[in-house]
Amino acid sequence: MRYPFHFFVRLLFVFALLSSCAMAQVDPLRVGYIEARPFTWIEEGELHGITQSIWQQVAMQSGIATQYINLGVSPNAGLQALERGEVDVLIAPLAVTYKRLQKVDFSRPYFINQVGVVLKNKPMNPVFFLARLLDRLLVKELLITLGLFLLFVHIYWLIRRRVSSELHERYWPGITNALWFSFSHLISKSELYNPRHWIDKGFMFLWLTFALVFVSTVFGIITSSLTMTLSEMDRVQHLQKGDLENMTVGVLEGSQNYHVSKKYVHKVVREQTYEALFKDLQDETIQAIIMDQVIAQEYLRSHPQTKAIIAALHLDSQEFAFALQKNSPYLQDIDLQITRLQDSGQIEAICRTQVGPFAHACQL
């Protein structure tokens, strides 16, 4: 049986059409994510965040269908899932490092992260403040000054007791009166300031000299101690990297910040969640948390009851990027789309709506 030529042409056309349809029905890309607000988080069943918004723009321009897969909160656990082939892409606040580059590929970075320190915010409690002040007072110098003052009181009593009816000749009543007169003469006009005899004039000179030295010394000691106490309590502004050495510091398990902390800290506690870290901080199991500043800011904003504050200390800078399986065919197109979004200012606009003052971190 012979078939006409146009029959074979139609058959070839149908075959090509079916093949193209089959090719179009590609499985969606499996995109794993790590929960870390403001980069990726779930709200009312929907995925939100800086990283998700950027990926959504990349996927839309590249025509990539996406299936999101929750991989918890540990960046290292997410990378292990990527290495095992459980996901095709990992979107998260994921720092690019040499060791990670040996196992997976990274896209063009979209965010410059700053690693900082979170401390417990201790309010100015009067009892705590007084205890710190007394602890800081220069006790030795204060005792010496008070001793000299008492010596002057004794000299005053010995000289004036025979000519003044106000000073008792017996020791304890007389010293008590002399002590009171000495203090009152510091702030009021008395007979000491109207000498009639040369002895009184010499005595007045000694008294004025000592009074000036006494008052200046006491106020100097108190002012110095007060300044040192306030400086110690204001650790947020004065914290230095060297201060971390003797602290117990907490970090998130599986994050790059563990390696950052080991540069400055001897004792590091690793927790599975940020909630556990901040609980340790409130319970004073740890003295500080080393974490990404933008994540710390967002956590404190969404948990206003947490008594903590971000210190003015910068420990490290990191580049955040998407992670893909080694030799992924999607890498070049993803880089192209990220570059397009950066050049058009869209990534910076996304950051501005999500993190406000940290939007400059997206200006790559």
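The values are calculated or read from the model by the stated rules, or taken from the named source; none is laboratory data. It should be emphasised that the depicted structure is a prediction, and the values quoted were computed from it without experimental measurement. Using ideal geometry, Cβ is built from the backbone for each residue, glycine included, and neighbour counts are taken over all protein chains shown.
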Checklist line | Complete set of residues in the range 25-80 that are part of a helix (DSSP H, G or I), touching a Gly at 6+ places or on another chain (Cβ under 7 Å) and within 22 Å of ILE338 (Cβ to Cβ) | finding: PRO75, GLY78
Next item on the list: Mind listing whichever residues of the range 90-119 are in contact with an Asp or Glu (Cβ under 8 Å, 6 or more places away or on another chain) and not in a strand (DSSP E or B)?
Entry: PRO93, VAL96, LYS103, VAL104, SER107, ARG108, PRO109
Next item on the list: Return the residue satisfying two criteria in turn: it lies in the range 310-362 and is free of Cβ contacts under 8 Å to residues at least 40 places away in the same chain and in contact with a helix residue (DSSP H, G or I) (Cβ under 6 Å, 6 or more places away or on another chain), and of such residues it is farthest from ALA36 (Cα to Cα).
Entry: GLU348
Check: Based on what the data block shows, is LEU244 of a type in the set (A, V, I, L, M) and assigned by TED's automatic domain parsing to the domain that holds TYR98?
Finding: no
Item checked: Index of the failed condition, SER53 passing every other in (1) touching a strand residue (DSSP E or B) at 6+ places or on another chain (Cβ under 7 Å); (2) modelled with pLDDT of 90 or more; (3) under 23 Å from GLN256 (Cβ atoms) -> (1)
Note to self: For a quick check of your reading: which helices (runs of 4 or more DSSP H) sit entirely within the range 278-360 and have at least 2 residues that are buried (at least 20 other Cβ atoms within 10 Å of the Cβ) and at pLDDT below 90?
What the structure shows: 346-355
Next item on the list: Kindly indicate whether any position in the range 279-301 is among the β-branched types (Val, Ile, Thr), out of contact with any Pro (no Cβ under 8 Å at 6 or more places or on another chain), in contact (Cβ under 8 Å) with a residue 24 or more places away in the chain and closer than 21 Å to SER317 by Cα.
Entry: yes
Check: Is it true that some residue in the range 264-276 is in a helix (DSSP H, G or I) and not small (Gly, Ala, Ser)?
Finding: yes
Note to self: Within the range 83-96, does at least one residue satisfy the condition of being without any contact (Cβ under 8 Å) to a residue 40 or more places away in the chain and of a type outside the set (D, E, K, R)?
What the structure shows: no
Check: Is one or more of the residues making up the range 69-85 surrounded by fewer than 19 Cβ atoms within 10 Å (Cβ to Cβ), farther than 23 Å from LYS279 by Cβ and among the charged types (D, E, K, R)?
Finding: yes
Checklist line | Single residue of GLN325, GLN293, GLN342, GLN337 found to be in contact with a Gly (Cβ under 9 Å, 6 or more places away or on another chain), assigned by TED's automatic domain parsing to the domain that holds LEU101 and not small (Gly, Ala, Ser) | finding: GLN325
